[in-house]
Each structure stands twice: as C-alpha cells, then as structure tokens.
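Asks: The structure that follows is given in the form of structure tokens.
The values are calculated or read from the model by the stated rules, or taken from the named source; none is laboratory data. Just so it is clear, the model here is predicted, and its values are computed rather than measured. Cβ atoms come from the backbone with ideal geometry, glycine included; neighbour counts cover every protein chain shown.
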Amino acid sequence: MSNLNKILLNKINCKSIWFMRQAGRYLPEFQEIRSKNQDFIKLCLNSELSSEITLQPIKRFDLDSAIIFSDILMVPYALGQNVKFTKGFGPKLSDFNLSEFLKRKKNDFSNKLSPIYKAIDITRRKLNKSKSLISFIGAPWTLIIYMLNAKESKEEINLQKFYDKKKSLDQVIETLIYFLCIHIKNQINAGADVIQIFDSWAGLIPKENLNDYCYIPNAKILNFCKKENIPTICFPKGIKEKYEEFNNIVKPDGINLDPEINPEWAKKKLKNVVIQGGLNPHILLKDDEHIIQGATKYIQTFKDIPYVFNLGHGLLPETDPDKVSKLIKFYRNFDG
C-alpha cells in the first residue's frame, strides 16, 4: 500500500462510515434552509449556510467524515457559464462559448469560488479534529456533459454535441484540468483533508473513447494530487469491468464502487487501493431486513482489506433519516 493510501485511511479512518450526499434533500433541517433559499448557486456561495448544511448530518448521525456542501457545477459557473437548477429537470447551463471559456484567469476563478473556501475553513474549525473533511470536484468528462447540455436522460447523452465540438474538446479538457487542480489546491489550503473526484457519467463514454475522456484526464489530476500529497478517491461510475483498467492506469488512493460492481469481483480485481462504498442507495427505501442483508454483504466481503463504508451513489431525497441512523448503528455494532 502506498503512503498516500495510508494517509487516506488515516484521514478517513478504515473503520468509518459516511455517505455521498449525506448533507441534502432527505434531511428536514436541510429542507427548512432550502425553502428559504431558492437559488441553489447562491446557497452554495453562502459560506455560513454551506457550513451549517455540511455539519447537519454530523450533528444528527455523528458520521466519521463531513463532505462540504457544494456542487460540481460551481466550476463551470466560475468559468463563465450561468447555471440554473429547475425542480424535476436538474441543471441547465447557458450556451457554451469556447472563446470566453479560454479567457478565464486563475485569480478571477479563485475569487468567484472564494465563498466555498471560506465555508471549508469555517467547517474545519467547527468540526471535531478526529473527523475528516472531504471536498470534491467533477471530472472533466462529467462537467463537459453539463457544459454542453448534452444529457438527455440518466442513461443517454447527445453524442452529436461532442462530435460537433471534437476539434476543440482536447483544449477544453486541458483547460478544465488546469482549473480543477487550482480548485483542489484551494480546497485543501482552506482545510479539506481529502478530495473525491466524481466522474458520474463515465459510464456514458463510448468504450473506444474511455482512455482519452476518462483515464487520461483523471490520471493527470491524480498526478497533480500525488505531487501535492493530497489523498484522493475516484468514482468512475458506470464503467463496469473497466473499473480494473481505470484503477491500474489512474492509480487513485481510494476508489468508490457503484452498485453495478460485484463486491467479490472488486476485492479480487482492484489492488493497491482503498475500496469505498458500493451499497445501492435504493436499499434504504426498503425494510430493515433488506438493509441489513445488503450492508452485511459488503462488510463481510471487505472485512480483511482496507474498506470505507459508503453507498454506490448519493442518498436519495426520499430516504428516511431513521433508516440511515439504523444502518450506521448496525455497521458500528457489526461483529461477524
């Protein structure tokens, strides 16, 4: 295990539990804040409220890690695109303008996102020192899907929009990598311990393009993080058996499984990495017996290797917080 793998385990704690989207819509205390703050981007840029939301699940569940309340689309926002969230439809970005995008400067970018860094600083000072503070970015491919408004459904994108931009796509990816590394460093300097990289739409990349649009961009970001001694967790959601290839090429410190990945397969194939997550978030909509069965499968499979308990995607809005509480208690009391 590499030194950074060990740092990651030290930062997060091997016998630990946290959830993606643990600060969010399923919590009534979040809903109360959200009802008074309809503009989502402005909410993410409200340092005090962002910190308060980040700490809500820590106060309720005493989870082992906090993940800063923000959004991957804050990067396109800071690079000049308007971002609007519409209930039932998700995010919609203004038309992408390549020349304007390429004009963006480092200081302007950082200044526009400074409230996020302030929120991290506030949270770190309020958070128990024994708990880690995780921050995150979206990987270039996933961001570009939103930047081009190419997502048509959860399972489909308009590839023609990529082909139309193919000549400039490499330049866009390299520019994104540059600014994403700045955003990572700024978040760490503000007090974050770990970075999670969400490539949420990696599963929609044509297989022949995985190297160019997934492996290489993620690897470049990881190389930056390694030089800076920043522990990283990657989440290349939806790439199935290509998880093994991703892990061997990108070499993250931690890798988050999605629900499609068989945990036994992951244990066998994913080496020299801390494994995280995998449990289907939909299971928390079922009865306690199903929840316990699902959790036991992952706990038992990974009991003798470095593993961080988490989900295979974010908590769903309709999740009952009491179910989350029961799952946490079950995990912490598990002895089998």
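Asks: Return the residues of the stretch 12-41 that are surrounded by fewer than 20 Cβ atoms within 10 Å (Cβ to Cβ), part of a helix (DSSP H, G or I) and in contact (Cβ under 8 Å) with a residue 40 or more places away in the chain; say none if nothing qualifies.
Replies: Scanning the stretch 12-41 gives PRO28, PHE40, ILE41.
Asks: On to the next question. Taking the stated definitions as given, is TYR331 assigned to a helix (DSSP H, G or I), over 24 Å from ASN218 (Cβ atoms) and of a type in the set (Ser, Thr, Tyr)? Walk me through it before giving the result.
Replies: Numbers: assigned to a helix (DSSP H, G or I): yes; over 24 Å from ASN218 (Cβ atoms): yes; of a type in the set (Ser, Thr, Tyr): yes.
Yes; evaluated as a whole, the condition is true for this residue.
Asks: Pull up the stretch 42-70, narrow it to residues that are closer than 17 Å to GLN31 by Cβ and in a loop (DSSP other than H, G, I, E, B), then point me to the one that is nearest to the chain's Cα centre (by Cα).
Replies: In this case the residue turns out to be PHE69.
Asks: Here's a check for you: in the stretch 135-163, which residue that is under 22 Å from ASN186 (Cα atoms) and assigned to a helix (DSSP H, G or I) is farthest from the chain's Cα centre (by Cα)? Spell out how you get there, then give the answer.
Replies: Our first condition is that a residue be under 22 Å from ASN186 (Cα atoms); within the stretch 135-163, this holds for 135-144.
Narrowing further to those that are assigned to a helix (DSSP H, G or I): 140-144.
Numbers: PRO140: 13, TRP141: 14, THR142: 11, LEU143: 12, ILE144: 16 Å.
Across the stretch 135-163, the extreme among qualifying residues is ILE144.
Asks: Further question: Pairs, please: C-beta under 9 Å, at least 6 apart or cross-chain, first residue farther than 22 Å from GLU48 by Cβ and in the stretch 89-117, second acidic (Asp, Glu) and outside any helix (DSSP H, G or I)?
Replies: PRO91/ASP71
Asks: Same structure again: Being in a loop (DSSP other than H, G, I, E, B) and surrounded by 15 or more Cβ atoms within 10 Å (Cβ to Cβ), is that true of even one residue in the stretch 317-324? Steps first, please.
Replies: Quick first cut of the stretch 317-324, residues in a loop (DSSP other than H, G, I, E, B) only: 317-320.
Adding the requirement that they be surrounded by 15 or more Cβ atoms within 10 Å (Cβ to Cβ) leaves 319.
Yes: one or more hits.
Asks: Sort through LYS185, LYS161, LYS131, LYS126 and tell me the only one that's within 19 Å of GLY80 (Cβ to Cβ), touching a residue at least 12 places away in the same chain (Cβ under 8 Å) and of a type in the set (Lys, Arg). So that I can check it myself, show each step before the final result.
Replies: On the way: LYS185 fails: within 19 Å of GLY80 (Cβ to Cβ); LYS131 fails: within 19 Å of GLY80 (Cβ to Cβ); LYS126 fails: within 19 Å of GLY80 (Cβ to Cβ).
Testing whether each residue is within 19 Å of GLY80 (Cβ to Cβ), touching a residue at least 12 places away in the same chain (Cβ under 8 Å) and of a type in the set (Lys, Arg) leaves just LYS161.
Asks: Further, regarding this structure: Of the conditions (1) surrounded by fewer than 19 Cβ atoms within 10 Å (Cβ to Cβ); (2) touching a residue at least 60 places away in the same chain (Cβ under 8 Å), GLU156 satisfies every one except a single condition; which number is it?
Replies: Exception for GLU156: condition (2).
Asks: Turning to a different aspect of this structure: Would you say LYS92 is at pLDDT below 95, over 23 Å from ALA219 (Cα atoms) and not in a strand (DSSP E or B)?
Replies: Details: at pLDDT below 95: yes; over 23 Å from ALA219 (Cα atoms): yes; not in a strand (DSSP E or B): no.
Answer is no for this residue.
Asks: Something else: Go through ILE145, ILE205 for me and flag whichever is touching a Phe, Trp or Tyr at 6+ places or on another chain (Cβ under 6 Å) and within 15 Å of PHE96 (Cα to Cα). Don't jump to the end; show me each part of the working.
Replies: On the way: ILE205 fails: within 15 Å of PHE96 (Cα to Cα).
One residue alone meets the criteria, ILE145.
Asks: If you scan the stretch 308-336, which residues turn out to be within 16 Å of LEU27 (Cβ to Cβ), among the small types (Gly, Ala, Ser) and either modelled with pLDDT under 95 or within 20 Å of the chain's Cα centre (by Cα) (or both)? Break it down into steps so the answer makes sense when it comes.
Replies: At the first step, the residues of the stretch 308-336 found to be within 16 Å of LEU27 (Cβ to Cβ) are 311, 314-328.
Among the residues that remain, those that are also among the small types (Gly, Ala, Ser) are: 314, 325.
Across the stretch 308-336, the qualifying residue is only GLY314.
Asks: Moving to a separate point now. Can you name every residue in the stretch 220-238 that is within 16 Å of the chain's Cα centre (by Cα) and at negative phi? Please lay out each step first, then the result.
Replies: Of all residues in the stretch 220-238, those within 16 Å of the chain's Cα centre (by Cα) come to 221-222, 225, 230-238.
Correct list: ILE221, LEU222, CYS225, ILE230, PRO231, THR232, ILE233, CYS234, PHE235, PRO236, LYS237.
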